[in-house]
Amino acid sequence: MLEETWLPALAGGVRIAGFPQLADLLWRDRHRAKRIEARMAFYGHLFLRQDQQGIDVKELTGTEKKIADELALRWLERAALRTANQQEQAVAARELAFVAGEPVGDERGAREAVRIVVKSLAKLKWFGGLGMALTERFIDHSLVQVTKYLTDDSLRSSVQKIVSEVIDSETKIGIGIL
């Protein structure tokens, strides 16, 4: 079950963030009476297409491409503001300056703008150290999912239904992960 793979990763992230006791309550002590119960709402299958692993950024409409471009730019800006690493800040600032100089106009230009920002995001360790190609694929995948969620009412409704099935009156916190 995917939840069993996700839970130790969540606990690891909580531990790295400086909360080892909470991490233990999530994972190591999960079978004890005093524990933190965590559940996962998986909806990735809603983004799959027959004979494909998912939707490609090239399949977005013109309006969706503009939204994806704006999202990618906001992610890059956020990464530049959020990182404490001065070297990463310098890379993000340089990439933001580069992206700001790129003309965006027609549909081809919008697609190119997304590519440029994705390549800029992939240079930041903040988005992952998997190597440029894997990081770009991860960012593309995430951009498409978020864009589709924001623009497709039926898809958004299906995602919200799945999420609402794991949230109840005892839920204290929700964590959204792409």
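The values are calculated or read from the model by the stated rules, or taken from the named source; none is laboratory data. Keep in mind it's a predicted model, so treat the numbers as computed, not measured. Using ideal geometry, Cβ is built from the backbone for each residue, glycine included, and neighbour counts are taken over all protein chains shown.
Scanning the range 47-66 for any residue that is within 28 Å of Glu165 (Cα to Cα), part of a helix (DSSP H, G or I) and either polar (S, T, N, Q) or modelled with pLDDT under 85 (or both) turns up at least one such residue. Only one of the listed residues (Glu136, Glu112) is farther than 28 Å from Arg39 by Cβ, surrounded by 11 or more Cβ atoms within 10 Å (Cβ to Cβ), at pLDDT below 60 and of a type in the set (D, E, K, R). That residue is Glu112. Gly13 meets all of the listed conditions (1) modelled with pLDDT of 85 or more; (2) more than 23 Å from Leu143 (Cα to Cα); (3) among the small types (Gly, Ala, Ser) but one, namely (2).
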